[in-house]
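Here's the structure we're looking at; comments come further down.
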Amino acid sequence: MARKRPEPVQVVKQRRDAALNALVHGVPYIQFLGIDFERRGDELTATLPFDNKLIGNPILPAIHGGVTAGFLETTAVIGLAWSVLWDDIETGRVDSEELAVGYLPRLPKTIDFTVDYLRSGLPRDAYARARVNRSGRRYASVHVEAWQDQRAVLFAQATGHFLMPRRDDGADG
Amino acid sequence: MTPDKSRIAEQFINAIPHCKALNMKLTHIGDGVAEMKLPYDLRIVGDPETGVVHGGAVSALMDTCCGAAAMSHPSSPSGTATIDLRIDYMRAATPGQAIRTRAECYHITRSVAFVRATALDDDTNAPVATATGAFTVEGL
């Protein structure tokens, strides 16, 4: 059986990066906090570079709990949207040309989000990764971990439930 | 809460850099209850197609307001930190409208303050979100 020749690496990378860009750079709040995403294959790491406007306790000083929550929620939503989009791109269900010209996929909606504050957020850069524990047609459950200097020392973690955007390709709507 | 303690709390909260960046304002504080307001702002939009504010900004409002309620409880000696906070999103906040929240510290022990909050926009019959959280009670 003849195997399809793999596409050139830069073509694959360009398509995946364009898709991630379309997801992340269209949301004003993500830009306001200064969150960005680094991609290794399908794995995403969210980064939150420290800025004075993120401070919630000027005496310590520490990052605002709401910033931590917003950072984790953004990581969860983008991580979840990305996992769905990844399959759509790889199977050719979504046209990557359309993504490149700014077509923004519908994002999942947060139903609830619970943040566990493990230690205070230091005035430094923060990182987070999401793990999609369950992703159904309508609902999804996502866990997120955030750390600063040491990967194993989390400063916050969260679990959230999300309502998936309706897909037009399904037989049952 | 004495008028002095409320004024200090008000100054403290309104001086938080992230709250200033979001133009958040404390509108009431005292005896374990706090109220805050977050004006609508295009910079904090989470869905560019609809203009709906991102849940993260609602979290920041809820977290600050719950912390303020915990601190303002007569049994709270001073500061507080969030242990956990759960937010339930009932509906999207209407674009263009400010979000107001009221938080109440309904129980406090020597170590933990239990707080709940509701967030509303102009339609005061249907909450935008509710929150429940546990906060530390810091010694003097």
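Let's test the formula: R0 of 35 Å, r as the Cβ-Cβ distance of B:Tyr106 and A:Glu43. What FRET efficiency results, to the nearest 0.05?
It comes out at approximately 0.25.
For A:Asp42, B:Asp41, what's the fewest-to-most ordering of other Cβ within 10 Å of each Cβ?
Fewest to most other Cβ atoms nearby, the residues stand as A:Asp42, B:Asp41.
Under the rule of at least 5 residues apart or a separate chain, name every residue whose amide H is placed under 5 Å from the amide H of B:Ile99.
Residues meeting the criterion, in which the H sits 1.01 Å from N, are B:Leu38, B:Tyr40.
Could you check which residue among A:Ala152, A:Ala130, A:Ala46 shows the biggest mean-square fluctuation in a GNM of chain A with a 10 Å Cα cutoff?
Most flexible of the set in this elastic network: A:Ala152.
Between B:Ser72, B:Asn23, B:Ile99, whose Cα lies farthest towards the positive end of the dipole of region B:15-119 when Lys and Arg beta carbons carry +1 and Asp and Glu beta carbons carry -1, centred on the Cα centre?
B:Ser72
Using Cα-Cα distances under 8 Å and only pairs 6 or more residues apart, what relative contact order does chain B have, in percent?
The normalised contact order for chain B reaches 24 percent.
Mind listing the long-range amide H neighbours of B:Val137? Cut-off is under 5 Å, sequence gap 5 or more, other chains count too, H placed in the peptide plane at 1.01 Å from N.
B:Val112, B:Ala113
Once phi is turned into ³J(HN,Hα) by the Karplus curve 6.51 cos²θ - 1.76 cosθ + 1.60 with θ = phi - 60°, what whole-Hz value does each residue of region A:15-30 show in order, with x for glycine and proline?
Rounded to whole hertz, the list is 5, 5, 5, 5, 5, 5, 4, 4, 5, 7, 7, x, 9, x, 4, 5.
For the pair B:Thr136 and B:Lys5, how long in nm is the line joining their label points, each one 7 Å along Cα→Cβ?
2.1
Compute the angle between helix B:3-14 and the longest alpha-carbon principal axis of chain B, please, reported from 0 to 90 degrees and rounded to the nearest 10.
Once rounded, the angle reads 40 degrees.
Amide H to amide H under 5 Å from A:Leu118: which residues, 5+ apart in sequence or cross-chain, H placed 1.01 Å off N in plane?
It is A:Ala156, A:Gln157, by chain and number.
What does the C-alpha gyration tensor say about the overall shape of chain B? Classify as rounded when a/c is under 1.5, otherwise prolate if a/b is larger than b/c, or oblate.
It is prolate, given that a/c is not under 1.5 and a/b is the larger ratio.
Using the structure shown, list the pairs from A:Lys4/A:Lys109; A:Lys109/B:Lys37; A:Lys109/B:Lys5; A:Lys53/B:Lys5 with a Cα-Cα distance above 30 Å, or answer none.
A:Lys4/A:Lys109; A:Lys109/B:Lys5
So, with +1 on the Cβ of K and R and -1 on the Cβ of D and E, and no other charges, what is the size of the charge dipole of region B:3-136 about its Cα centre, to the nearest 20 debye?
340
Taking other Cβ within 10 Å of each residue's Cβ, how do A:Glu97, B:Glu138, B:Glu10 sort, fewest first?
Ranking A:Glu97, B:Glu138, B:Glu10 by Cβ neighbours within 10 Å, fewest first, gives A:Glu97, B:Glu138, B:Glu10.
Report the semi-axes of the equivalent ellipsoid for region A:9-163 in whole Å, largest first, where each axis is √(5λ) for an eigenvalue λ of the Cα gyration tensor.
Three semi-axes, in Å: 28, 17, 13.
Using alpha carbons only, how many degrees (0 to 90, rounded to 10) separate the axis of helix B:55-71 from the longest principal axis of chain B?
The angle comes out near 20 degrees.
Got the relative contact order for region A:9-163 handy, in percent, Cα pairs under 8 Å and 6 or more residues apart?
After rounding, I find 25 percent.
May I ask you to evaluate 6.51 cos²θ - 1.76 cosθ + 1.60, the Karplus curve with θ = phi - 60°, for each residue of region A:134-144 and list the ³J(HN,Hα) values in order in whole Hz, giving x for glycine and proline?
7, 9, x, 5, 10, 10, 9, 10, 10, 10, 10
Tally Lys and Arg at +1 and Asp and Glu at -1 over the other residues with C-beta under 12 Å from the C-beta of B:Leu22: what net charge comes out?
+3
Give, rounded to the nearest 20 debye, the magnitude of the charge dipole that the protein assembly as shown has about its Cα centre when Lys and Arg contribute +1 at Cβ and Asp and Glu contribute -1 at Cβ.
That gives a dipole near 420 debye.
In degrees from 0 to 90, rounded to the nearest 10, what is the angle of the helix A:65-90 Cα long axis to the longest principal axis of chain A?
Taking Cα atoms only, the helix is inclined about 10 degrees.
Given the DSSP H assignment, sum -39500 (n - 2.57) over each helix run of at least 4 residues in chain A and divide by its residue total; what's the result at 222 nm in deg cm²/dmol, nearest 500?
Helices in chain A give a 222 nm mean residue ellipticity of -10000 deg cm²/dmol.
Throughout, read-outs are computed from the coordinates displayed, never taken from laboratory work. Not measured: the values here are computed from a predicted model. Cβ sites come from the backbone with ideal geometry, for glycine too, and all protein chains shown count toward neighbours.
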